[in-house]
Amino acid sequence: MKKFILLAFLLIALFIFSGFNATTENREITDYKSFGRFVPDVMGNMNVYDRVLNLHKAIKFGTDSLPVFSGFPVSVSGSTFEGFIFCNMDSDPELEIVINIAYTVQALNLDGTPVTGWPKTVASYGLEGSPAFGDIDGDGYGEIVVTNHGLTSGGYIYAYKRDGTALTGFPINHGYSSRSPVLADMNNDGKMEIIVNKRTYPTGSVYVYKYDGTILTGWPKAMGHVPASSPAVGDITGDNSPEIVMESYTGLYAWNASGDSIPGFPFMMPNGDVNSYSSPVLADVDGDNMREIIFGTHVSGAGGYVYILKNNGTILSGWPKQTGNWIYGPPAVGFIDNDNILDVAVGDQVMSASPTDYVYAWNKNGTALTGFPIGPFNAINTQVILGDINNDNYTELIFDDNTSNAGLGQYLGYKYDGTPLPGWPLSTNGTTFFVTPCLTDLNRNGIMDILGAGIAGTAPSQTTNVYAWNTGSLYSPAKVQIPMWQYNSRHTGVYGNIDVVGVNENAGNLPKEFKLNQNYPNPFNPATTISFDLPKSGLVNITAYDITGKECAVIFSGYKYAGSHEVNFNASNLTSGVYFYRISSEGFSDTKKMILIK
């Protein structure tokens, strides 16, 4: 593969990614007419395809098949990467959208307006990666945590309450921290700690901060090279305490909560490969009740590898698997083809004027799934999102595509068998480069919504256009395996540890038990209201029966969040008489009588 190193460095000098604030690992080449947008690895190296200067293939874009929420897209000056979170930042049940754009932390309501007290503007440096959301001070409500950094040094950690006020002890003058912060309770005190890296070239380290801005005992821990990504945090040893798994450019490190190194680590890649951006994922792949570590790498001038490591630093049989180009996105671990065997999917990327990249998928044994790899595409830089988008009870794969044609970018959607998802791609104003989409239910009406963004223009004059689409499909959290970057709003990278709604439900306001209330009015003609309480979220079915026990109407069937709810029932097609309505949800059921009088 022919390298254009001189060209890469010249272009890097010309184009600086706004919002990344000119950091070495986030400098970006932008030339939409030839090869799209590209980021060098954490050591400033580029992956260049040898036809980049003399071959360009136009991309045909489809039109949006999904309706956009009123008030969207929201346009904000600057650029973003890694993706969104969704969380509840006020007293209403609807979810808010939080995203870092340039120097601002944006928090948006369902109608696209700013949440009261937001946005927040940080000083000195552009924001890094995705925000994180979790309860770091133990008050029962989540806080927003973000980081920024300078060209080669300097940077801060910010923590805000939901109303936008800074948490006491913040910002922390931490230094150069790259990528997204991770939140986890490391010392079992009911408060989440903040786990970030620190780059001190030619080495790096990992820090753990408490809610008051002080450093947790036993930390920081040093690494032999610069940090390459955000850490993953979860129990990999079976001791019911979280471990921190962190990549340097040349190896993979693992420590327990006290900062002691896990035997077998650091792991140094054996194939001349290095790490950049592909944060680790933790999942029990081999069924031994211990989580393995899944991560992607890249080789200078060549392709990449996907590794699965056991908790002693040994490579799982059948791995690693090789890709044609570099891996930047974290692996996507989940059940893709409905065979009850865990799968791993990942996309690769290369600087190219023509589609050259693929999405790969293997089962846990390293066997390629039928229909994979799929492509070629124009560079996949994000984590592949996994969820049932169209209610067919199969998993779909959603990912970014590094193109911009006539100003338009796109998110691609594919089915479990490698065929394109009907109605896709989703078009955006600007490229979706490096912006992981989200799957959620913003207005909590039981219908799935999708978040995404397009970045328009060239640095330093870029604009991020934030989108919220309504899929029209029923939302079932159990069928969304990866709703956002690194599985949850804390970005722990733990498979199965997702946010159902990305929130702490309002503390103290949830019902304590299931309850079905008497309909009102009763008797009624022809409509009545049925109310009920749910102490936890889940699927709810409410059915009407006549006096003989024959089902005569489905009043409601779908997903409801924890809380108090009511549904309306119109019985205009039924005759006068005595009827019964029955609710069932999460092992609870109850029946009450109602009387229709016409």
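Brief remarks follow.
- The number of residues in segment 534-548 being in a strand (DSSP E or B), open to solvent by less than 40 Å² (accessible area, probe 1.4 Å) and closer than 15 Å to GLY587 by Cβ comes to 3.
- Among residues of segment 578-593, those that are surrounded by 14 or more Cβ atoms within 10 Å (Cβ to Cβ) and farther than 27 Å from ALA478 by Cα, counted: 3
- Unmet criterion (only one of (1) modelled with pLDDT of 95 or more; (2) under 27 Å from TRP362 (Cα atoms)) for ILE455: (2)
- Conditions (1) charged (D, E, K, R); (2) closer than 28 Å to ASN429 by Cβ; (3) at pLDDT 95 or above: number failed by GLU82: (3)
- Leading residue by the ranking (most open to solvent (accessible area, probe 1.4 Å)) among those in segment 110-151 that are more than 20 Å from the chain's Cα centre (by Cα) and among the hydroxyl-bearing types (Ser, Thr, Tyr): THR116
- When restricted to residues that are assigned to a strand (DSSP E or B), open to solvent by 10 Å² or more (accessible area, probe 1.4 Å) and not aromatic (Phe, Trp, Tyr), segment 275-326 contains 4.
- Those residues of segment 417-439 which are aromatic (Phe, Trp, Tyr) and buried (at least 24 other Cβ atoms within 10 Å of the Cβ), in sequence order: PHE433, PHE434
- Contacts under 9 angstrom Cβ, first residue in segment 438-456 being closer than 12 Å to THR80 by Cβ and in a strand (DSSP E or B), partner open to solvent by less than 10 Å² (accessible area, probe 1.4 Å) and charged (D, E, K, R), 6 or more apart: GLY452/ASP400; ILE455/ARG37
- Summed over segment 222-245, the residues that are open to solvent by 40 Å² or more (accessible area, probe 1.4 Å), in a strand (DSSP E or B) and touching a residue at least 40 places away in the same chain (Cβ under 8 Å) give a count of 0.
- Filter result (part of a loop (DSSP other than H, G, I, E, B) and polar (S, T, N, Q)) within segment 97-133: ASN109, THR113, THR116, SER124
- Residue pairs meeting the criteria (Cβ under 7 Å; at least 6 apart or on separate chains; first within 17 Å of GLN410 (Cβ to Cβ), in segment 66-78; second among the small types (Gly, Ala, Ser) and at pLDDT 95 or above): VAL68/ALA468; PHE72/GLY112; PHE72/ALA468
- Counting only residues that are over 18 Å from the mean Cα position of the chain (by Cα) and crowded, with 23+ Cβ neighbours inside 10 Å, segment 465-489 holds 0 of them.
- Subset of segment 170-216 (residues that are open to solvent by 40 Å² or more (accessible area, probe 1.4 Å), assigned to a loop (DSSP other than H, G, I, E, B), farther than 22 Å from GLN486 by Cβ and touching a Gly at 6+ places or on another chain (Cβ under 7 Å)): GLY190, ASP212
- Subset of segment 154-164 that is without any contact (Cβ under 8 Å) to a residue 40 or more places away in the chain and open to solvent by 10 Å² or more (accessible area, probe 1.4 Å) - its residue that is farthest from PHE81 (Cα to Cα): LYS161
This table checks each residue for (1) under 28 Å from ILE498 (Cβ atoms); (2) modelled with pLDDT of 95 or more.
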position	(1), (2)
PRO266	no, yes
ILE293	yes, yes
ALA302	no, no
LEU316	yes, yes
ASN325	no, yes
ILE336	yes, yes
ASP343	yes, yes
VAL346	yes, yes
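- Restricting SER153, SER130, SER91 to those that are in contact with a His (Cβ under 9 Å, 6 or more places away or on another chain) and of a type outside the set (Phe, Trp, Tyr) reduces the list to SER130.
- Of the strands (runs of 3 or more DSSP E) entirely within segment 330-372, those holding at least 3 residues that are open to solvent by less than 20 Å² (accessible area, probe 1.4 Å) and in contact with an Asp or Glu (Cβ under 9 Å, 6 or more places away or on another chain) occupy 332-334, 357-363.
The values are calculated or read from the model by the stated rules, or taken from the named source; none is laboratory data. Not measured: the values here are computed from a predicted model. Positions of Cβ are generated from backbone atoms using ideal geometry, with glycine treated the same way; all protein chains shown enter the neighbour counts. For accessibility, only protein heavy atoms count, side chains too; no ligands or nucleic acids. Shrake-Rupley method; radii C 1.70, N 1.55, O 1.52, S 1.80 Å.
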